[in-house]
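A short write-up of the structure that comes next.
Throughout, read-outs are computed from the coordinates displayed, never taken from laboratory work. Keep in mind that this is a model prediction, so the values were computed, not measured. Cβ placement follows ideal geometry from the backbone for every residue including glycine, while neighbour counts extend to all protein chains displayed.
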Amino acid sequence: MAHKKFGKLVASIQNLHRRDGDKLFEATGNVLRHGRIDVRIAGHYGPWDPALSLEWALGESFCHLGVDVDGLDHQAKFSSAVPGVASWLTVHGVPNLVLELLNVSYVKGRDTYDCQRTIKASVHDWAAWWKVWARSNSWTRGTPRWREGSFNVIDALFGDRKHERKVISTHDVEIPMPEKSYKARVTLSRGTWTRPRWPFAFGPSQVFYEKLRFDVDLKEPIPYPGKGENSWDQDMDGLYGLSGDGGLEEAIAATVRSVLQTRRKRTGSIAWKPPAPSEIEA
């Protein structure tokens, strides 16, 4: 992170563009692709002190426009995105007077979810989604649809989709890793999606999509180091199972790939191997 002082203001820029092979908390990509600029008053580094943060990301595919107000953290975030570019402007240190006027300030005994409100409109997955001063991180059954809801064009035209999943076969396999092979059971199943008014159906029902799925259940977890971020995640961690799209070959390959990617992310190399039991006891 680079820092620059302009009189009483301090600006810092952070690269957030992570590439394959980057270690934890490391980003070696192009800061113009994904980065953040923070501007604050020199000597004011508290969580509620006045500051501005601008984050951007290029190459995104989503579309939205909104504002989030958080009375707990005293901040307001303005977000916008069109296919290709997204940005987030966060105002830190929003005064209590403003939070009280917006009725999101925190007082003892108040539900904290009522201190976080959102106005947002977004378009994705063939649907329009909206929130009108709704809770940011929760939803209740009594929330009216005008305040928080969505409209899906495909569902309206062809009916709600239904999903069925049927187990096809199970296989006992071995997952080859650099240190040894690990026994696992792979369950293959076929997922089928139907719509009641789908005009391009195939098969005996209104099927519009189907795919093969796998579930890997490891008899012994394949180890990799813990994250090492806190006191409780320093010990050895491991992969216990995995699900995804594809057949038997894809299941084995995906398991190996997942473990190696995690090992590289946490150690910097796929050559890492778990210590022998004698080394752990020592």
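Values computed for the structure shown
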item: Surface/4 of the Cα convex hull for the chain, nm²; result: 22.0
item: Neighbourhood net charge (14 Å Cβ-Cβ; Lys/Arg +1, Asp/Glu -1) for F208; result: +1
item: Amide H contacts of G35 (H built 1.01 Å from N, under 5 Å, at least 5 apart or other chain); result: L16, W56
item: Most to least packed among 257-269, 132-144 [average Cβ atoms within 10 Å]; result: 257-269, 132-144
item: Cross-link pairs K77/K108; K23/K219; K23/K273; K131/K211 - those with Cα-Cα distance over 27 Å; result: K23/K219; K131/K211
item: Environment charge at T192 (Cβ cut-off 10 Å; Lys +1, Arg +1, Asp -1, Glu -1); result: +3
item: Within-11-Å neighbourhood charge of W130 [Cβ basis; K, R +1; D, E -1]; result: +3
item: Fewest-first ranking of C115, C63, using other Cβ atoms within 10 Å as the exposure measure; result: C63, C115
item: Cβ crowding within 10 Å averaged over residues, with 65-74, 187-196 ranked highest first; result: 65-74, 187-196
item: Spatially proximal aspartates and glutamates relative to K120 (Cα-Cα < 17 Å; intrachain offsets below 8 disregarded); result: D68, D70, E148
item: Student exercise, region 162-269 dipole from Lys, Arg, Asp, Glu Cβ charges, in Debye to nearest 20; result: 480
item: Sorted largest first, extent of region 162-269 alpha carbons per principal axis (Å); result: 54, 30, 21
item: Principal semi-axes in Å for region 59-168 [√(5λ), Cα gyration tensor, largest first]; result: 32, 19, 13
